[in-house]
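A.B. asks: The structure's right below; bear with me while I get my questions together.
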Amino acid sequence: MSVSIGDPAPDFSLDDIDGIPTTLTEHRGRKVMLSFYRSADCPFCNYAVDVLQGNHKKLAWAANLDVIIIFQSTTEAIDNFIFKSRRTTKNRYPFTVLADPDQMAFKKYTVTEQSQGTFRDLLREYKETREYNKYIKKYSLQNEIDKQTYQYLLPTDFLIDENGIIVDCFRSKALTKHIPMRRIKHFLCHGEKKETKLSLISKLKNVC
């Protein structure tokens, strides 16, 4: 059964690059953005992480948000591709980055698989901005992964309130998409996901 808005966020215990276990309950009392990414060497994931970090610096309420990123990679891969490649360290990085090579948390949050293929095939399939394509191509060639075959898990993001309740959920239908920044900003300012006109009509019908 898939977890969704209104559900308690399932707890987990995963290691950071130093092998120190981290749980979701440690962040209770804080607003949390929980994001699931594929492998730490994935160029699409690295681009998305860089964009998120750039936007995070611009958010007025960023200090009130704990960002947890989970990769289906080993701690060694995360250290190499996320920290060392950016010439930074765990303590200097703004997000908590955890390893889940056995996909335990992925399964708890029902992060879905799309297909298998190579990054070279993906470059042909996903045509974004020129800057995006340049980043992906350069990254793939530098790390010699353009021909590697991967299992593609679709990006999934959860916004969790101070009580550990999921208030927004984004399950992408494309490998290159993550939760829109406007939804993160709304979460930081208002907490709950903005209701749509359709959901309001549904509520009125239930009352009547």
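The values are calculated or read from the model by the stated rules, or taken from the named source; none is laboratory data. Keep in mind it's a predicted model, so treat the numbers as computed, not measured. Please note: Cβ atoms are built from the backbone with ideal geometry, for glycine as well, and neighbour counts cover all protein chains shown. SASA here: full protein model, heavy atoms, side chains in, ligands and nucleic acids out. Shrake-Rupley method; radii C 1.70, N 1.55, O 1.52, S 1.80 Å.
A.B. asks: What distance in nm separates the simple spin-label points at I5 and K57, each placed 7 Å from Cα in the Cβ direction?
C.D. replies: That separation, rounded to one decimal, is 3.2 nm.
A.B. asks: Could you pull out which residues in the stretch 27-68 have an amide N less than 19 Å from a spot 7 Å beyond the Cα of T110, following the Cα-Cβ vector?
C.D. replies: 34-37
A.B. asks: Then there is this: Can you send over the solvent-accessible area of H186, 1.4 Å probe, protein chains only, in Å² to the nearest 10?
C.D. replies: Ignoring ligands and nucleic acids, H186 comes out at about 40 Å².
A.B. asks: How far apart, in nm, are two points set 7 Å out from the Cα along the Cα-to-Cβ line at N64 and at T89?
C.D. replies: 3.1
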